[in-house]
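Read-outs: derived from the displayed coordinates by stated rules, not from any lab. Predicted model, so just to flag it, every value in this text is computed and none were measured. When we count neighbours, we look across all protein chains shown, and the Cβ atoms used for this are built from the backbone with ideal geometry, even at glycine.
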Amino acid sequence: MEYKKRCEILEDGKWVLASFGMRALSIILDFLFLGIIIYLFQKIIQLSGIQLKHIKIEGFTHIDIEGYGMNPTEKFIIKAILVCLPTIYFTLITYFTNGQTLGKKITGIKVIALYHKHLGLWHCLERSLGYVASSLELGLGFFQSLWNTNRMTLHDKIAETIVVRKYKRVKLQH
């Protein structure tokens, strides 16, 4: 079997494929920011008179909430918002910053569309929902970037995107 050699520098010479480590650090930072957003959401709920005893997130869609002063409808709405927050975060921030979540901004990487000039809202939504698919089977979808020619993860393939960083030419001194 013959393998293609990875082309690290993209055609325009301005971008390089982002490494697995940079991408991993970026997602860790994004989940830290997401934790802060969930904490702030919890405080906003408490300001409305609902006292939350605890929020237990056990998976992508299973959230257990205990508290005082909320009826079943309010409990359902709070759960629905908490389930949707990660998708909203990754979709909207990636869309409005043209490919950079807060974690990607800090690590200096960005998402670009393979076949379009700009990332569309649909690309960002597909990519966000693709994180769930990448997380399945012990996160194998994330590790696909280690052997894929274009360092594409499963969610990159779903949304037809790649993750890049600025290419910095180093001048050698004699």
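A cut-off of 5 Å between modelled amide H atoms, ignoring neighbours fewer than 5 places along the same chain, links G67 with K53.
With the gyration tensor restricted to C-alpha atoms of the range 15-166, the semi-axes of the equivalent ellipsoid amount to 32, 15, 13 Å, longest first.
Let's test the formula: R0 of 35 Å, r as the Cβ-Cβ distance of K14 and Y39. What FRET efficiency results, to the nearest 0.05? With a Förster radius of 35 Å, E is 0.40.
In terms of Cα atoms, the Rg and Dmax of the range 88-135 work out to 10.2, 28 Å. Near the amide H of Q100, within less than 5 Å, lie the amide hydrogens of V111, all on another chain or at least 5 residues away, with H placed in the peptide plane. Listed peptides 72-83, 143-154 appear in the order 143-154, 72-83 once ranked by packing, highest mean of other Cβ atoms within 10 Å at the front. Given their separation in residues at 0.36 nm each and the Cα-Cα distance between them, F96 and T149 gain 16.3 nm when the chain is fully extended. Mean projected area of the convex hull spanned by the Cα atoms of the range 92-174, taken over all viewing directions: 7.0 nm². A cut-off of 5 Å between modelled amide H atoms, ignoring neighbours fewer than 5 places along the same chain, links T161 with L114. Relative to the longest principal axis of the Cα atoms of the chain, the long axis of helix 72-96 makes an angle of roughly 20 degrees. Ranking N148, G108, F31 by Cα position along the charge dipole of the chain, where only Lys, Arg, Asp and Glu carry charges on their C-beta atoms, puts G108 farthest toward the positive end. Across the range 152-165, coupling constants 3J(HN,Hα) worked out from phi with the 6.51/-1.76/1.60 Karplus curve, θ = phi - 60°, read 8, 8, 4, 5, 5, 5, 4, 8, 6, 10, 9, 10, 10, 9 Hz, and Gly and Pro carry x.
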